[in-house]
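Trainee: Sharing a structure here in structure tokens format.
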Amino acid sequence: MVSLPLNNHRVRFKTYAFSFTSEEAIGNLGSLKFSQSNRMPDPKDPSRIVTTTTTTTFSMAKEMARSVCQRFMDARFIEHADGKPVSVFPLKGSTWVLTPKGIHVLERFCQRNGINQDHILKLLHSQYNTMRLVILERDPKTDKLSHDRNTIEVIFRRFSGSTPNIKAGSSMSSDSDSVSEYVDGVTGVKLIASRKIPDKTVKNSFSGKDAVDWLLDCCTTVERKETLEICSLFIQYGLIQCVSEDRVYTQQHPRGGDFQASKNAIYIFTEKGERINGWIESDRVVQSGEKQNGDPRGLSPPRSSN
């Protein structure tokens, strides 16, 4: 993204800022050149500043470049400019923009590496930079997600939000297929106030698809498999429970584990989950009268460490 020009592109009757085409992305990856400059004091003479420039080059075949773009799309770093979901990144004919998640990832990269290109700074200072991404802990050797209870509960508090994100209307209104519905990473997973399932009506429920979408949009997950791991741990730790299974999904994914990533599989928060996310009073109160973690609701600050 640092070496890719981000310009205005017109699609039908609308112009999209900071956008790029499939052809531009694939062409850029086919012959990628990235220069990075670092300024530091001269070890021999601290009064002098030495500038070191490192240039990295890549080259890859067109199909490999398309495959890399596919991974960017699957990780929700980029999306179709008009918001319509596509399952395969095309070689040509499409216009793309960064998602709020993609912009945040790009910002972290630029901050770590001292990158100050004008077109990137304009994007980072624009109205599109809205995400407060949940940075997931990973094993430094295997890159696998951390599964300990404390880490999962931190993710869960952000997943549920400080207050319920309740949407009015029927269950059908929740089954949106749009990409990147969550733009700030603070608003929790969307809940349907009242949803009818075969034998009863449940309140404040969400679908398996809604859960996966939130975790892909608002965390540093890079594939659906990682979101399924996290949701399965939510179930194992007693934070959410299934109230309506999708039997078709179970037949199609016999080894899918405890969680069903389907819009027809319906979940609710357990009482334990609502205590942990601070929606209802917790029994664990410190002497000062505040909940643990220093917040009266028992929540970790959004910008807290991993």
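The numbers here are math on the coordinates, done by the rules we state, and not lab data. Predicted model, so just to flag it, every value in this text is computed and none were measured. Positions of Cβ are generated from backbone atoms using ideal geometry, with glycine treated the same way; all protein chains shown enter the neighbour counts.
Trainee: I need to check one value: relative contact order of region 7-124, counting alpha carbon pairs closer than 8 Å and at least 6 residues apart, in percent.
Mentor: 28 percent
Trainee: Only Cα pairs within less than 10 Å get springs; with that Gaussian network setup on the chain, which residue of 102, 93, 257 has the largest fluctuation?
Mentor: 93
Trainee: Once amide H atoms are built 1.01 Å from N in the peptide plane, which residues 5 or more positions from residue 7, or in another chain, come under 5 Å H to H?
Mentor: Answer set, sorted by chain and number: 18, 19.
Trainee: Ordered by residue, what ³J(HN,Hα) values in Hz, to whole numbers, does region 262-277 give under the Karplus form 6.51 cos²θ - 1.76 cosθ + 1.60, where θ = phi - 60° and Gly and Pro are x?
Mentor: Taking θ as phi minus 60°, the curve returns 10, 6, 9, 8, 10, 10, 9, 7, 7, 4, 4, x, 6, 6, 5, 7 Hz for region 262-277.
Trainee: Also, I was wondering about something else. Output the pairs from 84/122; 14/190; 190/263 with a Cα-Cα distance over 20 Å in this structure; if there are none, say none.
Mentor: In this structure, 84/122; 14/190 exceed 20 Å between Cα atoms.
Trainee: Excluding residues fewer than 8 places away in the same chain, name every one of the aspartates and glutamates whose C-alpha is closer than 20 Å to that of residue 167.
Mentor: Output for residue 167: 175, 177, 181, 184, 210, 213, 217, 274.
Trainee: For the chain, what does the relative contact order come out to in percent, with C-alpha contacts under 8 Å and a separation of six or more?
Mentor: Value for the chain: 14 percent.
Trainee: So what are the ³J(HN,Hα) numbers for region 191-205, from phi and the Karplus equation (6.51, -1.76, 1.60; θ = phi - 60°), rounded to whole Hz, Gly and Pro as x?
Mentor: 10, 9, 4, 9, 10, 8, 10, x, 10, 6, 10, 10, 9, 6, 10
Trainee: Shifting gears a bit: What ³J(HN,Hα) values, in whole Hz, does the Karplus curve 6.51 cos²θ - 1.76 cosθ + 1.60 give for region 127-138 when θ = phi - 60°, with x put for Gly and Pro?
Mentor: Computed from phi, the couplings for region 127-138 are 5, 7, 8, 10, 7, 10, 6, 7, 8, 7, 6, 9 Hz.
Trainee: Whose amide H sits under 5 Å from the amide H of residue 134, counting only residues 5 or more places off or on another chain, with H placed in the peptide plane?
Mentor: Close amide H contacts, sequence-distant or interchain: 219, 220.
Trainee: Using Cα centres only, tell me the gap between region 93-124 and region 202-276 in whole Å.
Mentor: 30 Å
Trainee: Taking the structure as given and computing Rg and Dmax of the Cα atoms in Å, which label from (i) 22.0, 78; (ii) 23.0, 75; (iii) 19.3, 62 fits?
Mentor: Identified label for the calculated read-out: (i).
Trainee: Which of the helices in the chain meet the span-like rule: DSSP H, Cα axial reach of 15 Å or more, Kyte-Doolittle mean at least 0.0?
Mentor: 208-218, 224-236
Trainee: Still on this structure, I have one more. List the trypsin sites (Lys or Arg not before Pro) within region 21-77 that DSSP assigns to loop and that have no more than 11 neighbouring Cβ atoms inside 10 Å.
Mentor: Here the sparse-neighbourhood loop sites are 44, 48.
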